[in-house]
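Worksheet: the structure to be examined is printed underneath.
The values are calculated or read from the model by the stated rules, or taken from the named source; none is laboratory data. Remember, it's a predicted structure, so these values are computed and weren't measured experimentally. With ideal geometry, Cβ positions are generated from the backbone for all residues, glycine too; neighbour counts draw on all protein chains shown.
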Amino acid sequence: MKSFLRPTARHTTLFALITAATLLSLTACSEGEAGGPGAGGPGGEPGAVPTQDVVSSVTKDEAAARLLPAEVRERGSLRLASSVGGTPPSSTYLPDGRTVAGVDIDVADAVGKVLGIKLKREVASFEAILPALSSGKYDLGTGNFGVTEPRRKTIDFVTYINDGQAFAARQDSDLDRVTDLRQLCGLTVATGAGTTFEATLEDNKHVCADAGEKAYEVKTYAEQGALWSALHQGRADVVMSTINGLRYAVAQQQGLKFLNEYHRLDVGFAFKKGTPLAPAFQAAVNTLIKNGTYERILRKWDTQKSALDTSRISPPEIKD
């Protein structure tokens, strides 16, 4: 659902590098295990992305592992493409600029342990992952990929969290909630390139003309930092992105406000259509739900409200 570039220094672990002369000061804090955004990492230290180990104790589930194709069990590994480098809780880099962390990362690592295989992770751009699955370059992908009807035509999903679409704006905005896209008419909306947000905005641009109003303008960015810079500098009036990501980001930046959730979506591992891997991954996620690992991962990243009761394979898109 989102697209980010890899940061290169400590102060870019939460947001991509932006021109220093134009960027307002950002305070990088974490979503604490026990508290909300800004509670800090272990020990409550502000500015620390949570690093608690909630995965290493996970053990192999033989029943789930037997659902893998024989050649995968024999090889013992799969190629995983991950979109990494933006705002927690989905995925980000730790201050060393190399170690990845986030809900997507922890869930994938835990699933690999349940299945007794190594997920060989390669960081890839968000917009490149889904096409690469179809071409066979990767076996699966993560990147907060929301399950939508257009995607279900070409991609199989195994769900592991519920997130979705939301809006944020500057504190001086007249917007308090966006329940109808006609409220955006005449405004400039910043969002990630190649995302469900861009698709939603573009598919519904007609609502302004239908109402006899000026259309809203959609500006897309491949870098999350550039998106926030556009909002701070007034080149955009509102941002559309993930629910959990916006809640976190707004808590770290002064002068911004979270508006509201707009549309919930289940999020899942993405696979080539017709993959034989889906049943094993579904069983692995459900094992994590049953043994408590899943709850510990969500608590670590303060995303308990996004918990699923059970994993499903390519469920229909949630309709509000």
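Go through (1) in contact (Cβ under 8 Å) with a residue 40 or more places away in the chain; (2) touching a Lys or Arg at 6+ places or on another chain (Cβ under 8 Å); (3) surrounded by fewer than 22 Cβ atoms within 10 Å (Cβ to Cβ) and name the single condition G192 misses.
Checking G192 against (1) in contact (Cβ under 8 Å) with a residue 40 or more places away in the chain; (2) touching a Lys or Arg at 6+ places or on another chain (Cβ under 8 Å); (3) surrounded by fewer than 22 Cβ atoms within 10 Å (Cβ to Cβ), the one that fails is (3).
Tell me the residue from T200, T179 that is assigned to a helix (DSSP H, G or I) and touching a Phe, Trp or Tyr at 6+ places or on another chain (Cβ under 9 Å), please.
Sole residue among the options that is assigned to a helix (DSSP H, G or I) and touching a Phe, Trp or Tyr at 6+ places or on another chain (Cβ under 9 Å): T200.
Would you point out the residue of segment 204-232, among those that are exposed (fewer than 15 other Cβ atoms within 10 Å of the Cβ) and without any contact (Cβ under 8 Å) to a residue 24 or more places away in the chain, that is nearest to P88 (Cα to Cα)?
Filtering segment 204-232 for residues that are exposed (fewer than 15 other Cβ atoms within 10 Å of the Cβ) and without any contact (Cβ under 8 Å) to a residue 24 or more places away in the chain, the one nearest to P88 (Cα to Cα) comes out as H206.
Kindly provide the set of residues from segment 297-320 that are touching a residue at least 60 places away in the same chain (Cβ under 8 Å) and farther than 17 Å from N244 by Cβ, ordered by number.
S311, R312, I313, S314, P315, P316, E317
Looking at segment 203-254 only, could you name the residues that are in a helix (DSSP H, G or I) and either of a type in the set (S, T, Y) or in contact with a His (Cβ under 8 Å, 6 or more places away or on another chain) (or both)? Can you show your working first?
Of segment 203-254, the ones in a helix (DSSP H, G or I) are 203, 206-210, 224-232, 243-252.
Of everything in segment 203-254, those that are in a helix (DSSP H, G or I) and either of a type in the set (S, T, Y) or in contact with a His (Cβ under 8 Å, 6 or more places away or on another chain) (or both) turn out to be S229, Y248.
Of all the residues that make up segment 136-148, how many are in contact with an Asp or Glu (Cβ under 6 Å, 6 or more places away or on another chain) and either outside the structural domain of A280 (by TED's automatic domain parsing) or farther than 11 Å from L265 by Cα (or both)?
Here the count works out to 1.
Quick one: count up the residues across segment 152-172 that are within 21 Å of Y221 (Cβ to Cβ) and surrounded by 19 or more Cβ atoms within 10 Å (Cβ to Cβ).
Number satisfying all stated conditions: 7.
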